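Chemist: One structure follows; several queries about it will come next.
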Amino acid sequence: MLLDDELPGLTYLKMLCEQISDLEVVKAFDNASTFLREVPKLEFDLCILDIEMPEMNGLQIANLLNGKPVIFATAYKEYAAEAFDLNALDYIRKPIQLDRLKQAIDKAKKQISLSILNPKSFIQLNTNKGKAILYFDKIAYIKTSENDSRDKLVCLFDGEEYVVKNITFDKLREILPNKDFCRINKQEMLALRAVQVFSFDEITTGLFSNQGKKIKFSLSENYRNEFLQKVKI
């Protein structure tokens, strides 16, 4: 997928891409809003994004792509640090040269091949302790922060806790492996491997509180069916 608000630059980028073997341009966009509207309907492995655009910049858009690999192509060098903070595969300066684009695409192919062979087992999130690598199998449960409802408290099986800033449960559901985690009520999401016993409206885990008692969670009606389906699998 290509996005560049300047049509001549987009046309040139598309022409370069068509000269690279094993690379297919699914669609090219010159408008960020249209791009974001169409993204959920299209199958693609990689995005090449401009950064400076009038409605939303490429950095903001990359944040909405649910971890899809991104290459930034821009005339500006000052965004490089932010781009790599977003785990961009590469950062190409305009005017784009074919050899430089091939180099970035080769890097993307290797990354995509690795992700197919070895599905991602962790996420990187900004937390109160800095940028943290959180392994899926280490996360026990997630709940809304008591200090700010926009933040989430991520609790690990070993008792360590991280506050993730300004993230929704919907976003977490996109990031976390669907088969391993379930929203159980309005305030909490639970790793299924933490479940020990459950009833109609309560889940008892194998986790212990500071008082030495097993931690229990409420199972609300809105999320009950999803939970029951997942524990049957």
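Chemist: Residues of the stretch 1-150: accessible area per residue at 1.4 Å, in Å²?
Modeler: 58 Å²
Chemist: Here is a further query. Which entry in [x] 0.93; [y] 1.11; [z] 1.05 matches Rg/Rh (Cα atoms, Kirkwood Rh) derived from the coordinates of this structure?
Modeler: Looking at Rg/Rh (Cα atoms, Kirkwood Rh) for this model, the match is [z].
Chemist: Give the relative contact order (percent, whole number) for the chain; include only Cα pairs under 8 Å separated by 6+ residues.
Modeler: With pairs under 8 Å counted, the relative contact order is 10 percent.
Chemist: Also: I need the chymotrypsin sites (Phe, Trp or Tyr not before Pro) found in the stretch 1-71, filtered to DSSP loop residues with at most 16 other beta carbons within 10 Å of theirs.
Modeler: F44
Chemist: Loop only per DSSP, at most 15 neighbouring Cβ atoms within 10 Å: give me the GluC sites (Glu not before Pro) in the stretch 141-233, ordered by residue number.
Modeler: Those that pass, being in a loop and sparsely packed, are E146, E160.
Chemist: Here is a further query. Enter the angle in degrees (range 0 to 90, nearest 10) between the Cα long axis of helix 221-232 and the first principal axis of the Cα atoms of the chain, meaning the one along which they spread out most.
Modeler: 90 degrees
Chemist: Let me ask another. So if I place +1 on the C-beta of Lys and Arg and -1 on the C-beta of Asp and Glu, and nothing else carries charge, what would the dipole magnitude of the chain be about its Cα centre? I want it in debye, nearest 20. Write down the numbers at each step before the final one.
Modeler: On the way: 33 positive and 34 negative charges, 184 e Å.
With Lys and Arg at +1 and Asp and Glu at -1, about 880 debye.
Chemist: Pick out, in residue order, every one of the trypsin sites (Lys or Arg not before Pro) in the stretch 1-90 that is DSSP loop and has at most 15 other C-beta atoms within 10 Å; say none if there are none.
Modeler: Loop-located and lightly packed - K27, K77.
Chemist: If you count, for each residue, the other Cβ atoms within 10 Å and average over each peptide, how do 206-215, 1-10, 97-106 line up from highest to lowest? Working shown, then result.
Modeler: Details: 206-215: 10.8, 1-10: 18.5, 97-106: 15.0.
Sorting 206-215, 1-10, 97-106 by mean packing, highest first, produces 1-10, 97-106, 206-215.
Chemist: Between L125, V164, L101, whose Cα lies farthest towards the positive end of the dipole of the stretch 67-194 when Lys and Arg beta carbons carry +1 and Asp and Glu beta carbons carry -1, centred on the Cα centre?
Modeler: In the stretch 67-194, that residue is L101.
Chemist: Follow-up. Please go through the residue pairs K109/K171; K152/K186; K68/K102; K138/K179; K14/K109; K41/K110 and name each one whose alpha carbons sit more than 21 Å apart in this structure.
Modeler: Pairs exceeding the cut-off: K109/K171; K41/K110.
Chemist: Based solely on its DSSP helices, what 222 nm [θ] is calculated for the chain when runs of n ≥ 4 H residues each add -39,500 (n - 2.57) and the sum is averaged over all residues, nearest 500 deg cm²/dmol? Show your work: numbers first, answer last.
Modeler: Working: 7 runs with 68 residues, N = 233.
The helix-only estimate for the chain comes to -8500 deg cm²/dmol at 222 nm.
Chemist: What length, rounded to one decimal in nm, is gained on full extension from E82 through to F169, with 0.36 nm per residue of separation minus their alpha-carbon distance?
Modeler: Values: separation 87, 0.36 × 87 = 31.32 nm, distance 2.47 nm.
That works out to 28.9 nm of additional length.
The values are calculated or read from the model by the stated rules, or taken from the named source; none is laboratory data. Only a predicted model underlies this, so the values are computations on that prediction, with no experimental measurement involved. Positions of Cβ are backbone-derived with ideal geometry, glycine not excepted, and every protein chain shown enters the neighbour counts. Note: areas computed on protein heavy atoms with side chains; ligands, DNA, RNA excluded. Shrake-Rupley method; radii C 1.70, N 1.55, O 1.52, S 1.80 Å.
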